[in-house]
Amino acid sequence: MDQLIQIKVICSSISLFSSTTVALLFLSNPKLRTPTFRLVLQLQIADALFALASIINSNDDNNGLCVFQAFLVNYSRESSIVWIGIFAYNMCATIVDNQELPGLLKFYVVAIGIPFILSAYPFAWDAYGLNYSMCWLLPDSIALMVVDYLVLCIGILFYIIYFYIKIYNFLYNVTEMKSYKLFLYPLSFLLTQIWTMIDIFQKYDQYSTYAFKDVAVAFVSLQGFINSLVYGLTPQVLEIIKSFCYSINQKEQRELQIANQQDFDSSRQQSFIMPMGFDTRTSSDTSVQNGKFNQQLISAVKQQQEL
């Protein structure tokens with residue numbers, strides 16, 4: 001158990017640092033305040049809260065600290081899962097359907113309300129307690145795990161796979177672009193959640209031995225770190241990080257400001273293209289391709305509207 005706690009604390013600390021860094025970069029750099037990154041910010045806040053809750057050490061499942069940790073772990077983890085689904089939905093609506101990104105208020109209601117309800121009702125069964133190295137739903141609360149976590153997790157997984165396949169097909173059909181980074185989103189989600197799913201399934205077999213506890217605790221605790229790499233490490237963020245590490249001359253600074261201003265003036269589709277790995281500031285050839293890309297998008301949208 002001590003080894004599991006050490007793994008949990010180390011990996012959760014890495015996640016807390018990476019998620020907090022991405023959130024601070026967003027708050028301190030106006031050029032990152034795009035519709036895409038506003039959603040990424042909410043995801044990073046949920047991941048940071050989950051990492052912070054995971055760092056809490058409480059080996060006694062009868063005290064109030066363990067119950068508080070269990071509620072916070074469950075709530076923040078499910079909030080992160082819901083924000084991942086919201087991100088996929090809005091990316092598809094913006095790129096494929098050319099819809100303007102609505103305000104975040106209704107998404108706050110979903111991303112806060114659903115996890116809160118799912119995290120509150122286990123109190124009625126006294127289902128919170130010590131589970132491996134952290135306090136969560138008690139190991140024998142299998143039915144609650146299925147209803148409270150497994151159904152939500154599997155539903156969001158198929159939900160985001162559907163949207164990213166739809167986006168991939170649209171980009172390929174309209175522009176013949178292949179963005180393989182789209183598949184990193186569901187892959188990262190599966191990588192961080194699959195271990196808990198396996199754990200829940202194996203609980204139905206009383207003769208089963210779960211031999212991957214160390215791996216499971218590590219990947220679950222690294223959820224914030226993995227999400228910060230997949231969702232937060234955009235070309236713009238990389239440029240900001242490089243500017244902290246390397247000095248650049250005055251001419252390069254002016255060119256960077258011009259490029260950032262062009263990013264602000266780009267279409268709603270481009271604000272979502274950036275996280276997928278398309279850098280629109282690399283060369284003149286890329287600018288021509290982007291102009292052609294925008295024309296093809298507009299043409300495709302008009303054709304859809306006519307249909």
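The values are calculated or read from the model by the stated rules, or taken from the named source; none is laboratory data. Given the structure is predicted, the values throughout are model-derived calculations rather than measurements. Quick reminder, even Gly has a Cβ in these numbers, built from the backbone with ideal geometry, and neighbours come from all protein chains shown.
Here VAL73 meets the list (1) in contact with a strand residue (DSSP E or B) (Cβ under 7 Å, 6 or more places away or on another chain); (2) surrounded by 20 or more Cβ atoms within 10 Å (Cβ to Cβ); (3) farther than 17 Å from ILE112 by Cβ almost entirely, failing just condition (3). Evaluate the following for GLN3: is it over 22 Å from LEU144 (Cβ atoms) and not in a loop (DSSP other than H, G, I, E, B)? Answer is yes for this residue. In this entry, LYS178 is excluded by the filter for residues that are in contact with a Cys (Cβ under 7 Å, 6 or more places away or on another chain) and either without any contact (Cβ under 8 Å) to a residue 12 or more places away in the chain or farther than 24 Å from SER12 by Cβ (or both). Where helices (runs of 4 or more DSSP H) fall wholly inside the range 128-236, the ranges with 3 or more residues that are on the phi < 0 side of the Ramachandran plot and among the polar types (S, T, N, Q) are 151-175, 184-202.
For the range 98-127, taking the residues that are outside any helix (DSSP H, G or I) and free of Cβ contacts under 8 Å to residues at least 24 places away in the same chain, the one that is surrounded by the most Cβ atoms within 10 Å (Cβ to Cβ) is identified as ALA127.
For (1) among the aliphatic types (A, V, I, L, M); (2) under 24 Å from VAL110 (Cβ atoms); (3) buried (at least 16 other Cβ atoms within 10 Å of the Cβ), each residue gets a yes or a no:
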position	(1), (2), (3)
PHE17	no, no, no
LEU24	yes, no, no
GLN42	no, yes, yes
PHE50	no, yes, yes
ASN57	no, no, no
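Residues checked against (1) more than 17 Å from GLN44 (Cα to Cα); (2) at pLDDT below 85; (3) hydroxyl-bearing (Ser, Thr, Tyr):
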{"residue": "THR175", "(1), (2), (3)": "yes, yes, yes"}
{"residue": "TYR204", "(1), (2), (3)": "yes, yes, yes"}
{"residue": "PHE212", "(1), (2), (3)": "yes, yes, no"}
{"residue": "ILE226", "(1), (2), (3)": "no, no, no"}
{"residue": "ILE240", "(1), (2), (3)": "yes, yes, no"}
